[in-house]
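See below for the structure under consideration.
The values are calculated or read from the model by the stated rules, or taken from the named source; none is laboratory data. Just so it is clear, the model here is predicted, and its values are computed rather than measured. Cβ coordinates were reconstructed from backbone atoms using ideal geometry, including for glycine residues, and neighbour counts include every protein chain displayed. Please note that ligands, DNA and RNA were not included when accessible areas were found on the heavy atoms of the full protein model with its side chains. Shrake-Rupley method; radii C 1.70, N 1.55, O 1.52, S 1.80 Å.
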Amino acid sequence: MPSHQFTYTELASDKELDSRYFHLLSEAKKITNNAYAPYSNFKVGCAVLLQNGVIVHGVNVENASYPVGICAERSALSAAVSTYPSEKIVAIAISYLSPNGDNNTPAFPCGMCRQFILECEFKNLQPIPLILGAEKGKVYIIDTAQHLLPFGFGPNDLK
C-alpha cells in the first residue's frame with residue numbers, strides 16, 4: 001500500500017534557529033498582536049522573507065460572517081505578491097497566540113493556506129521553507145509546502 005512520509009526539523013526553542021530564521025520568526029511573533037480575532041481569540045502572525053531582504057507581514061482578520069475572514073498566511077502572501085510580484089519568497093514564519101492554550105506548540109497552516117503556499121511555490125519555481133513557532137517552546141521547520149499538502153492541486157492539474 002502506498003504511503004506518504006516526510007521529515008522535518010524540530011527544535012527545542014527559537015534560540016536554536018539560525019539568525020535569519022530567528023529574526024523572521026521574531027517578526028511573526030511581534031505582528032501576531034495586530035491580529036483581529038474577536039470571535040476565536042486565536043491570533044496568528046505571519047512574516048514572509050523575500051529574496052530582496054524585505055519582510056512582509058500579515059495577520060488573521062476575522063469577520064462576523066465567518067467565511068469572509070482571512071488567515072495570516074494568505075494575508076501576508078497576498079501582500080508580498082501584490083507589492084513585490086517579481087521577488088521570490090525565501091521563507092515563511094508563522095506564530096500564534098491563544099488565550100485558551102499553552103502557546104508552546106507550533107500550529108500548522110489550515111488546508112486553504114497550505115494550498116495557497118503551494119501555489120506560491122509553483123510561482124517561485126522552488127520550495128519555500130516554513131518556520132512554525134509559538135510564543136515559546138518547540139519550533140518546526142518544514143522544507144516545503146508540498147510536505148503538508150502532498151496531493152495539492154497545481155498548474156499541471158489544469159492541463
The lone exception for Arg114 - which of (1) surrounded by fewer than 15 Cβ atoms within 10 Å (Cβ to Cβ); (2) under 16 Å from Val44 (Cβ atoms); (3) out of contact with any strand residue (DSSP E or B) (no Cβ under 7 Å at 6 or more places or on another chain) it fails: (1)
Which numbered condition Glu62 misses (of (1) more than 24 Å from Pro150 (Cα to Cα); (2) acidic (Asp, Glu); (3) surrounded by fewer than 14 Cβ atoms within 10 Å (Cβ to Cβ)): (3)
First in the range 100-112 and in contact (Cβ under 8 Å) with a residue 24 or more places away in the chain, second anywhere and β-branched (Val, Ile, Thr) and surrounded by 13 or more Cβ atoms within 10 Å (Cβ to Cβ), Cβ under 8 Å, 6 or more apart: Pro106/Ile94; Pro106/Val139; Ala107/Val44; Ala107/Ile94; Pro109/Ile94; Pro109/Ile117
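Inside the range 50-137, counting only strands (runs of 3 or more DSSP E) that do not spill past its ends, which hold 3 or more residues that are within 21 Å of Thr7 (Cα to Cα) and at pLDDT 95 or above?
Once the strands (runs of 3 or more DSSP E) in the range 50-137 are filtered for at least 3 residues that are within 21 Å of Thr7 (Cα to Cα) and at pLDDT 95 or above, what remains is 89-97, 130-133.
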Looking at the range 1-49 only, could you name the residues that are under 15 Å from the mean Cα position of the chain (by Cα), of a type in the set (A, V, I, L, M, F, W, C) and over 21 Å from Leu148 (Cβ atoms)? Phe22, Ile31, Ala35
Tell me which of these Val68 doesn't satisfy, since it passes every other one: (1) out of contact with any Cys (no Cβ under 7 Å at 6 or more places or on another chain); (2) closer than 21 Å to Leu148 by Cβ. (2)
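I need the full set of residues from the range 138-159 which are assigned to a loop (DSSP other than H, G, I, E, B) and of a type in the set (S, T, N, Q), in order please.
Thr144, the sole residue that qualifies.
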Members of the range 23-41 found to be open to solvent by less than 70 Å² (accessible area, probe 1.4 Å) and part of a helix (DSSP H, G or I), listed by number: Leu24, Leu25, Ser26, Glu27, Ala28, Lys29, Ile31, Thr32
Cβ-Cβ below 7 Å, separation at least six or inter-chain, first residue in the range 143-159 and surrounded by 16 or more Cβ atoms within 10 Å (Cβ to Cβ), second polar (S, T, N, Q) and modelled with pLDDT of 95 or more: which pairs? Leu149/Gln115; Gly152/Gln115
